[in-house]
Amino acid sequence: MSKKEQGVNMPSLSEEMRTARFIEDSLREQGLLPSGVTVASAEAKEMESRGFVGKMARIAVEYAGAEGEAAEKLPAVLYLKSIAPNGGPDGPREATFYRTLSKHGYTHAVPVIAARCADDQEAAILMPDLLSDQQRYTNANLLYGNQIWGMPEDAKLPDPSPSHFETLKDTFLAAADLHAKHWVSGATMPFESEAEIEKLFDLPPGSHSWLKNVDFLCGRQAAKDNYARALARAKSSWAGRTKDAGYPDRIVTIVDRSLAASSAEAAAEELNRSKLWSLCHGDWHAANLFWKPGSVVACDWSQVGVWNPLADLAQHIISDVPPASFVKDCDALVRAYYEALQQQCRGRELGASYEEVWRCFVHHGAARWVYYVALLGGFGLPDKAMVFFSKQLLAFIDAFAPDADAFPLVMVAAVY
């Protein structure tokens, strides 16, 4: 029963976590607040966000008891991501990831200051300002030119800026580091139980209760029904698109044929063909990634789960990278990823040829973006953005799968 249902007048997580007292306690718990220093004030301002789940607030923090160099090291700005009650499992999943799994050596996860969730699916996450002078990260999307929305007037780029290839290689190697921790090959679904998945993928006990896709991998009928509903929603959204917006004819044909060929059974068949699995971020596009020399970190872990990991890499390419860069660089990037996996999985069986890793990169990546092209127009994205993504997808397919006419969907959003 929620606090509201009990008639208890208590602040929401978002309200509580933006107070000076909560921020002070959290910073001190993380070892970020020196003895004798307190948070004098915390002023929150709501932000516009293009995300589909949750709201963002920028919190300006002032301190008492800190001077000079010590004061300069304190975070002047924090960000609070909040998900309203009954907003679905994505918010609690992300908060739980930060509270539990991210503490197990995940150097590529944003080092959050606090993360909390409630029984009514409300969640809130307090994060550092990665763009600050102390952190010195740059949003990876800006390093590719922020193709859809254009470069912000106040954008700060590193000097010198990395090439697209350098940024991409760092991103692919970060993914290899994440995937190697839980890499499994040769296994087929349905898995016997949630406990088998936790043991096989070296996950902490209880992870199955919040990680995405576990029910689908265990062959649960409810997950298959969720897949069918998500597929029907994608078909409905695609049917309602702006027909004269400028979608390439070949993409229209591919999406039509892909949706017609998709089913939960076909998705399971493809996953069992590849037999490559790991823990995946699930939404590895550039707006969720931050780069600085020697480090890549990811935010928004709301889709984290067990799946074929190659789709994450291709999603990054199709979402954000100019074709002039990715067409010539993808083979070298996937090879660098594969070699890093071989190095980090030493002593364990990688169980995959480069050819199969490449096939999964192309097929699973194209299938994910076929789904997004069909679905996202129904979320209010402007036609300009949807046509941009469809042309990015077409460039990817033309370069790496020129003879293909369909990519049945493997992952859909409703596979929890």
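Just so you know, all these numbers are worked out from the coordinates, no wet-lab data involved. Model, not experiment: these values are computed from the prediction. With ideal geometry, Cβ positions are generated from the backbone for all residues, glycine too; neighbour counts draw on all protein chains shown.
Using alpha carbons only, the radius of gyration of the range 163-225 set against its Kirkwood radius gives Rg/Rh = 1.12. Entry note, the range 271-351: relative contact order of 29 percent, from Cα contacts under 8 Å with a spacing of 6+ residues.
Need one word for the range 248-291: rounded, prolate or oblate. Basis is the Cα gyration tensor (sqrt eigenvalues a ≥ b ≥ c); a/c below 1.5 gives rounded, then a/b vs b/c decides. Judged from the Cα gyration tensor, the range 248-291 comes out oblate (a/c at least 1.5, b/c at or above a/b). Shown for the range 307-398 is the translational diffusion coefficient from the Stokes-Einstein equation, using the Kirkwood radius over Cα pairs, a temperature of 4 °C and a viscosity of 1.567 mPa s: 91 µm²/s.
Per-residue extension of 0.36 nm, minus the Cα-Cα distance of Asp154 and Arg58, leaves a gain of 32.9 nm for this segment. What the pair-distance distribution of the range 240-319 shows, using all Cα-Cα distances binned every 10 Å from zero, is 14, 32, 34, 17, 2 percent. In a reduced charge model with +1 at each Lys and Arg Cβ and -1 at each Asp and Glu Cβ, the range 270-402 shows a dipole moment near 100 debye about its Cα centre. In straight-distance terms, cross-link reach from Lys384 covers every one of the aspartates and glutamates whose alpha-carbon lies under 19 Å from its own, apart from those fewer than eight places away in the same chain; here that gives Asp244, Asp249, Asp320. Each residue, Ala228 and Ala76, gets one label point 7 Å from its Cα in the Cβ direction; the gap between the two is 5.7 nm. Could you state the angle between the C-alpha long axis of helix 20-29 and the longest principal axis of the C-alpha atoms of the chain, as a value from 0 to 90 degrees rounded to the nearest 10? That works out to roughly 70 degrees. When the chain is described by a simple charge dipole with +1 on each Lys and Arg Cβ and -1 on each Asp and Glu Cβ, the residue from Tyr337, Phe361, Asn139 located farthest towards its positive end is Phe361.
For the range 40-117, report the convex hull volume of the alpha-carbon atoms normalised per residue, in Å³, without decimals. List each step's numbers first, then the result.
Working: hull volume 10.2 nm³, N = 78.
That works out to 131 Å³ per residue.
Does the range 142-259 come out rounded, prolate or oblate, given a ≥ b ≥ c as the square roots of the eigenvalues of its C-alpha gyration tensor, rounded meaning a/c under 1.5 and, failing that, prolate meaning a/b above b/c? Since a/c reaches 1.5 but b/c is at least a/b, the shape of the range 142-259 is classed as oblate. Taking every C-alpha pair closer than 8 Å and separated by at least 6 residues, the mean separation divided by the residue count of the chain gives a relative contact order of 18 percent.
Counting only Cβ charges, +1 for Lys and Arg and -1 for Asp and Glu, the dipole size of the range 336-416 around its Cα centre is about 300 debye. The label-point distance for Ser35 and Thr188, in a model that sets each label 7 Å from Cα toward Cβ, rounds to 6.2 nm. Quick one: check the C-alpha center-to-center distance for the range 171-238 versus the range 71-95, whole angstrom. After rounding, the separation between the Cα centres reads 24 Å. Among the lysines of the range 129-247, pairs at least eight places apart or on separate chains and with Cα atoms under 30 Å apart come to 12.
Over all directions, what mean area does the Cα convex hull of the range 359-416 project, stated in square nanometres? Mean shadow area of the hull around the Cα atoms is 4.3 nm². Summarise the long-distance tail of P(r) for the range 277-357 by giving the % of C-alpha pairs beyond 17 Å. Result for the distance tail: 55 percent.
At what distance in nm do the modelled label points of Glu269 and Asp119 sit from each other, each positioned 7 Å from its Cα along Cα→Cβ? Result: 4.5 nm between the two label points.
Normalised by 2.2 N^0.38 Å, where N counts its residues, the alpha-carbon radius of gyration of the chain equals 1.00. Please state the shape class of the range 63-156: rounded when a/c is under 1.5, otherwise prolate if a/b exceeds b/c and oblate if not, all from the C-alpha gyration tensor. Cα axes put the range 63-156 in the oblate bin.
Given the DSSP H assignment, sum -39500 (n - 2.57) over each helix run of at least 4 residues in the chain and divide by its residue total; what's the result at 222 nm in deg cm²/dmol, nearest 500?
On the way: 15 runs with 178 residues, N = 416.
My calculation for the chain gives -13000 deg cm²/dmol from helical runs alone.
Say R0 is 22 Å: what FRET efficiency, to the nearest 0.05, do Gln134 and Ala84 get from their beta-carbon distance? Approximately 0.10, to the nearest 0.05.
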